[in-house]
Amino acid sequence: MKIGIITFWQSNDNYGQALQCFALQKQLISMGHTPFLIKYTPSHKVNKTSLTEKLWKLIQIYPIFRKLKNWQKAKEAKVFSLKNKQRKFEEFREMHILTNGIVYHGLSDIQNNPPEADCYLCGSDQVWSMLLDNDENQAFYLNFGKNETKRIAYAASFGRDIYPSELNSRLHNMLVRFDAVSVREKTGIDICAKVGIQAIDVLDPTLLLSIKEYSQVIERPSIDKKYFYTYSINVTSEKELCWNELLKYANKHGFASISTISSGYFIGREICSNTQYAYATILQWLGYIQNAEFVATTSFHGVAFCLILHTNFIYFPLKGIHSRGNSRVISLLESLGLHEKIFNGNMTIEQSIEYPIDWNMVDTKLSVK
């Protein structure tokens with residue numbers, strides 16, 4: 001079948017986003033299908049309510065302070081954008097991601113000129129975090145194309161434990177058209193059930209490929225000393241990574257420190273001291289993980305690729321308002337009997353890092369999920 005996949009694709013620094021798309025296409029090709037990425041970009045329409053709110057905030061806030069704040073954000077974004085060019089994400093997409101060559105700008109564009117396919121598929125990633133209070137997001141629920149075209153969700157994520165109740169009827173109307181629905185977290189099953197839709201939970205597509213398949217493209221880093229690797233996202237302070245303790249452990253064992261940051265809810269920042277920051281390409285990023293003595297990460301895909309590549313790791317759950325992203329990682333590690341790799345204060349950093357992993361057991365459990 002010719003399968004059009006709609007997912008997030010535009011990031012220039014989110015490694016998991018790029019690799020979940022890569023892995024899903026590879027898996028579908030191995031099954032005899034012809035997949036392609038649907039490059040969809042919602043249009044940015046501003047409704048009257050949000051404009052009124054913005055004007056009210058503008059009146060209340062000192063204009064000079066607002067300008068300084070925006071100037072600082074713009075400066076950070078510009079610096080980060082320049083460094084991002086080293087990652088070469090666009091080159092990766094051009095070489096490894098199949099598309100139909102069209103970029104769809106907004107819902108009306110994709111509805112008026114839908115991509116030709118036997119099946120539309122949405123997922124993985126947090127595609128259903130794009131809420132239905134904005135009509136432009138209906139594309140992520142496959143509200144385009146012919147009625148007879150099959151519609152499937154694979155490992156779609158809501159990015160939350162509870163869906164806004166006022167949008168439940170809209171969610172039902174979107175999902176009832178699907179031929180099959182699978183989600184990435186068990187909380188997604190509950191959300192679907194509340195609107196009368198049966199769903200199952202499945203593996204993130206990155207976990208569908210074997211270490212052998214990734215090893216064919218991985219680039220080994222040019223570093224001649226032992227190191228630990230930090231991959232962080234949505235972190236504002238080195239304290240959230242218990243950084244001093246990590247460095248103390250690394251120094252004890254003679255490990256150098258290499259770090260990579262990505263943007264999530266906000267732009268990534270170089271917040272850790274005494275580490276070498278690497279703006280790695282996607283294939284180099286895989287190499288840094290595979291060859292590290294251990295990995296410290298706040299990322300689901302950071303953990304996922306440690307599992308795939310058999311690299312020791314420690315996971316630091318996110319704090320505060322971003323903690324809703326922890327459930328999928330905790331659920332995965334608990335299902336594999338690796339709860340001790342989650343740093344929650346019950347064990348020391350050293351105990352958590354050195355907790356042994358039975359890789360045969362991990363491979364076996366992932367293969368039957």
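The values are calculated or read from the model by the stated rules, or taken from the named source; none is laboratory data. Computed from a prediction, not measured in an experiment: that's the story for all the values here. Note: ideal-geometry Cβ built from the backbone for every residue, glycine included; neighbour counts use all protein chains shown.
For this structure, a couple of remarks:
- Residues in the stretch 28-52 that are modelled with pLDDT of 95 or more and among the hydrophobic types (A, V, I, L, M, F, W, C): Leu28, Ile29, Met31, Phe36, Leu37, Ile38.
- Residue match in the stretch 313-321 (condition: of a type in the set (Gly, Ala, Ser) and free of Cβ contacts under 8 Å to residues at least 40 places away in the same chain): yes
- Among the residues of the stretch 218-241, the ones that are part of a loop (DSSP other than H, G, I, E, B), at pLDDT 95 or above and either among the hydrophobic types (A, V, I, L, M, F, W, C) or not assigned by TED's automatic domain parsing to the domain that holds Ile308 (or both) come to 1 in all.
- Within the stretch 138-183, restricting attention to residues that are part of a strand (DSSP E or B) and of a type in the set (Val, Ile, Thr), the residue that is surrounded by the most Cβ atoms within 10 Å (Cβ to Cβ) is Val183.
- Of the residues making up the stretch 100-136, those that are loosely packed, with under 15 Cβ neighbours inside 10 Å and part of a loop (DSSP other than H, G, I, E, B) are Asn113, Glu116, Asp118, Asp133, Asn134.
- Among (1) assigned to a helix (DSSP H, G or I); (2) over 24 Å from the mean Cα position of the chain (by Cα); (3) not assigned by TED's automatic domain parsing to the domain that holds Leu307 - the single one Asn244 does not satisfy: (3)
- Of the residues making up the stretch 321-334, one or more are part of a helix (DSSP H, G or I), buried (at least 18 other Cβ atoms within 10 Å of the Cβ) and charged (D, E, K, R).
- Within the option set Glu219, Glu240, being acidic (Asp, Glu), over 27 Å from Lys85 (Cβ atoms), surrounded by fewer than 20 Cβ atoms within 10 Å (Cβ to Cβ) and in contact (Cβ under 8 Å) with a residue 12 or more places away in the chain holds for one residue only, Glu240.
- Scanning the stretch 273-300 for residues that are more than 22 Å from the chain's Cα centre (by Cα) and either part of a loop (DSSP other than H, G, I, E, B) or among the hydroxyl-bearing types (Ser, Thr, Tyr) (or both) returns Ser273, Asn274, Thr275, Glu293.
- In the stretch 77-99, the residues that are surrounded by 14 or more Cβ atoms within 10 Å (Cβ to Cβ) and not β-branched (Val, Ile, Thr): Phe80, Lys83, Asn84, Arg87, Lys88, Phe89, Phe92, Arg93, His96, Leu98
- Entry remark, the stretch 253-272: residues being touching a helix residue (DSSP H, G or I) at 6+ places or on another chain (Cβ under 7 Å) and either surrounded by 24 or more Cβ atoms within 10 Å (Cβ to Cβ) or among the hydroxyl-bearing types (Ser, Thr, Tyr) (or both) number 4 in total.
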